[in-house]
1. Within region 161-183, take every residue that is over 20 Å from Val82 (Cβ atoms), in a loop (DSSP other than H, G, I, E, B) and modelled with pLDDT under 95 and give me the one that is most open to solvent (accessible area, probe 1.4 Å).
2. Please go through region 335-362 and give me each residue that is in contact with a strand residue (DSSP E or B) (Cβ under 8 Å, 6 or more places away or on another chain) and either closer than 18 Å to Cys193 by Cα or of a type in the set (Lys, Arg) (or both), ordered by number.
3. Take the conditions open to solvent by 50 Å² or more (accessible area, probe 1.4 Å), at pLDDT 70 or above and touching a Phe, Trp or Tyr at 6+ places or on another chain (Cβ under 9 Å) and apply them to Lys262. Does it pass?
4. Select from region 428-442 the residues that are surrounded by 18 or more Cβ atoms within 10 Å (Cβ to Cβ) and not in a loop (DSSP other than H, G, I, E, B) and write down the one among them that is modelled with the lowest pLDDT.
5. On the given criteria, is Leu291 touching a Gly at 6+ places or on another chain (Cβ under 8 Å), at pLDDT below 75 and surrounded by fewer than 20 Cβ atoms within 10 Å (Cβ to Cβ)?
6. Is it the case that region 350-361 has a residue that's open to solvent by 70 Å² or more (accessible area, probe 1.4 Å) and either free of Cβ contacts under 8 Å to residues at least 60 places away in the same chain or assigned to a loop (DSSP other than H, G, I, E, B) (or both)?
7. Every residue in region 74-101 that is closer than 24 Å to Ser162 by Cβ and surrounded by 15 or more Cβ atoms within 10 Å (Cβ to Cβ), please.
8. On the basis of being farther than 12 Å from Gln378 by Cα, surrounded by 15 or more Cβ atoms within 10 Å (Cβ to Cβ), among the polar types (S, T, N, Q) and out of contact with any helix residue (DSSP H, G or I) (no Cβ under 7 Å at 6 or more places or on another chain), does Gln419 make the cut?
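The values are calculated or read from the model by the stated rules, or taken from the named source; none is laboratory data. Remember, it's a predicted structure, so these values are computed and weren't measured experimentally. No Cβ is skipped: glycine too gets one built from the backbone with ideal geometry, and neighbour counts run over all protein chains shown. Ligands, DNA and RNA are excluded from the accessible area calculation, which covers all protein heavy atoms including side chains. Shrake-Rupley method; radii C 1.70, N 1.55, O 1.52, S 1.80 Å.
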Amino acid sequence: MMPPFGLLHRRAWASLFGQLLRPSGLVCIGEVHFHSQVSEAVLISQLKPHQEKSNFVIKTPKGTRDLSPQQMVVREKILDMVIDCFKRHGAKRLDTPAFELKEMLTEKYGEDSGLIYDLKDQGGELLSLRYDLTVPFARYLAMNKVKRMKRYQVGKVWRRESPTIVQGRYREFCQCDFDIAGQFDPMIPDAECLKIMCEVLSGLQLGDFLIKIPWKDVRHEMVAKKGLAPEVADRIGDYVQRHGGVSLVEEMFQDSRLSQNKQALEGLGDLRLLFEYLTLFGIAEKISFDLSLARGLDYYTGVIYEAVLLQTPAQAEECLNVGSVAAGGRYDGLVGVFDPKGHTVPCVGLSIGVERIFAILEERMKTAGLKIRTTETQVFVATPQKNFLHERLKLISELWDAGIKAELLYKNNPKLLTQLHYCEHMGIPLVVIIGEQELKEGVIKLRSVASREEVAIKRENLVAEIQKKLSES
C-alpha cells in the first residue's frame, strides 16, 4: 500500500515526479491510474525561451458553431420529439462512421460530389467525411446483406458549401433520418414517410406547412419505369401544374385520352393509391404536386417530397426564411450500387432539417423573451448554518441514489439567502433544508421555491415526499 500523500518521503516524491515526466506514461497512485502527458509541456516550458504568440483570431471554422447550454436545451427537445416519432413507427437506431472510404461516396451525389470533404491520407486509405446519412445506410445494407429494415439515425454530416448561417445552413450540421428498406406493396412505405413528416412538423408547432411532390420526378418514373409515352405524361403534367392533390388525380382518371392508355392508368393508379393512404392517415390536404421542385441528389429514383412552411406576411417579418424543413424520397437503386452482384433493395426515407427548425424556434424564443432552464435539477440541498457540509453531502447522496436530480453549492458555509437566490435563478422547484434544529428533531424542511412555503418532513419519508411532489408538478 502506498502511504498517504502527506507521508511520502523524498525518494517517493522523486519517483512520482519521474513518472510524471515520462511521455505518455501511467502514474499509479493506489489503484487509480492517471494518464500523464505533461513531460513534453514541462520540458518545453523550462528549456525553450518564451515565444510570443502570433496574432490570430479566436473563432470556429467557417460554417460551424458552438452551441451554448441554452441552445442545447432547445436542440435536445427538438431531437427528443423527432426520435420519439421515429420510435413510435417501429424504427431501430443505427449508427455509421463519421467518415467513409472515398470510393463509397464518389459519384453518388451528382454535381454535389464536389462538396464532399476529403481527408488527408492516413495509413493508406483515402477517406471522406460523410455527406449525408443515406449513402452510408445503403452501404450498410449491402455490406451486411440486409434485405428489410426500418431504421433511424441521428448524426452530423459535412458539406463544403457556402454557409448561410441566418437560414440554418452550415458546413457541419445534424441530420435526423428515417428510412424503410425492403420489398413491400406499392405506396405503403411512402405514405408512412409522409405521415411521419407531418407528425414531426405538427408536433414541433412550427406553423402551417405543405409537403410538395415534384412532377418532374413523377413524370420520370412514369416514362422510364412504367413505359408511358412522353406525350401522355405531359398531358398528365397539364393537370399537375394546378398544384392539387387527390381531386386532381380523380379528374385525370376522367380524361378520355389518359384513360385509354394502360401505362397512364397504372401510374395514376399508384398516385390514387398514395392519396388513398394519405387520406386514411388524415394528411391528404397537406400534400400537393409542385412543378418547381427539382431532384437534388443523383440517387433518387422515384418521387421525392419536400416540406415547406407556409407563412403569412406578418409571420414572414418575424420568422426566418429558411426554405424547406424536411425532405425525402425513394432511392431503389442505391443499395445495388454497393452490392457486388448488383442485388437491389428498394428504399424510401426522409430527413428532418434540424438546423433550420432550430433557427426558427431560436428566433421565436428570442422574440418572445423566453428564459430557458439549462439544467433539469429538481431539488437543491441547503443549510442555514455553518459546518453542515457533511450532512448536506450525506443528504444529496441519498437523493442521487433515489434517482432524484439534485444540486448543492460547493462551499463549506454558504449563506442561506445565496442558496435560495441560486434556486430562483436556475428555476429549481424544490429546496431541502437541514440545520441543527432539523438534525435534532430528525426532520428535513421541504421548501417550494415558487410559493416559498415550507413543511417539515421526517427524514425517512423525505425521498417519498419529494417524488410525490415532483409527480404532481
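1. The residue in question is Ser162.
2. Selection gives Val345, Pro346, Cys347, Val348, Gly349, Leu350, Ser351, Ile352, Gly353, Val354, Arg356.
3. no
4. The qualifying residue modelled with the lowest pLDDT is Glu438.
5. Yes, satisfied.
6. No: zero hits.
7. Once the filter is applied, which keeps residues that are closer than 24 Å to Ser162 by Cβ and surrounded by 15 or more Cβ atoms within 10 Å (Cβ to Cβ), region 74-101 yields Arg75, Phe99, Glu100.
8. Yes.
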